[in-house]
Each structure stands twice: as C-alpha cells, then as structure tokens.
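K.L.:
Got a structure for you, written out below as structure tokens; questions coming shortly.
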C-alpha cells in the first residue's frame, strides 16, 4: 500500500524562505534573478530591461546639478500623463541612489516625449533645457519591455541631455 505524506503549506513556505537565500549564496544571485548580475557591472544601464508588461523611463544624472526631467506620456486611449522626475546631483557615491530615478508605465503607451529638463544653477537660478526631439512612438522607436533612458551630464550652465532606448 502506498502512503503519501502531505506537507502543510506553512511548512513549505518556511522551507522556501530558508532554501532560496541559501541557493543564492551558494550559486550566486543569478539563480534568483539573472538581471541582478548585469546591474553590478560597469555599464548597468546597458543590461537593464523592463519587467514584462511595462515600459521604464529612467533618468540618470551624472551632472553636478539638482535636476528634473518633464516627460509627457500619451496613452493609447488618448489620455495624457505629464511626469516630473526629479533627481539629485551626482556625488560619486554608489551607495547614494538619489541621482537616478525610474518611472514605470504600463504598455498601453502610444508615445513618450521629453519636454524639458530643469536644473538648479549654483547661484540659485534655474536652467531650462527644452527638447526639440519629436515624440518616441510605440512600435516605431520603442516597444513593451523597453527602457527609455534620459541622461543628464555636465556642469551648469553647460549641461547636456541625451535620450536613448535600450
């Protein structure tokens, strides 16, 4: 006669809490999430990918200015979302994550346009960097699970803003 032993769901959960971190320590983090290995490299943006069903808009600030990017997202149903994504000045400290920010959007996006970047000047003024770039179109310039990267570099008032899709 065959006997099966049933395990309570609480016991399975407790074992998973113990086993999964141990697997990560033994075999490396890539057992749990292969994308984590790439983000530790020197070029973590190049290996970044959006979770399935989303589009990420990342703002990376390597300048010495406090800044904010204004992005207009037009949804497929015609709705418009204006995002203001603030980032602190870069300080060279990898532990300080305030010099970059990520906004997550569902895949129901028709277009994404960088409208402007506003940066704080050392004397207390504000520098506005308007964008003359046309909107990025879904299906033409980007698709679901892509990352739109806005990079701010330089020293005010000599700032450079670049946009890329990865």
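The values are calculated or read from the model by the stated rules, or taken from the named source; none is laboratory data. These numbers were taken from a predicted model, which means no experiment stands behind them. Methodologically, a virtual Cβ is constructed for each residue, glycine included, from the backbone with ideal geometry; neighbour enumeration extends over all protein chains shown.
K.L.:
Step by step: first the residues of the stretch 137-155, then only those that are closer than 14 Å to residue 76 by Cβ and surrounded by 19 or more Cβ atoms within 10 Å (Cβ to Cβ), then the one that is nearest to the chain's Cα centre (by Cα). Which residue is that?
P.N.:
Restricting to residues being closer than 14 Å to residue 76 by Cβ and surrounded by 19 or more Cβ atoms within 10 Å (Cβ to Cβ), the top hit is 142.
K.L.:
If we keep just the residues of the stretch 127-136 that are closer than 18 Å to residue 83 by Cα and surrounded by 15 or more Cβ atoms within 10 Å (Cβ to Cβ), which is modelled with the lowest pLDDT?
P.N.:
Filtering first and then ranking leaves 131.
K.L.:
Is one or more of the residues making up the stretch 120-128 under 17 Å from the mean Cα position of the chain (by Cα) and either without any contact (Cβ under 8 Å) to a residue 40 or more places away in the chain or closer than 28 Å to residue 52 by Cβ (or both)? Working first, answer last.
P.N.:
Filtering the stretch 120-128 down to residues under 17 Å from the mean Cα position of the chain (by Cα) leaves none.
No: zero hits.
K.L.:
Right, something else. Check residue 69 against each of (1) within 15 Å of the chain's Cα centre (by Cα); (2) farther than 21 Å from residue 165 by Cα; (3) modelled with pLDDT of 95 or more and name the one condition it does not meet.
P.N.:
Result: residue 69 passes all but (2).
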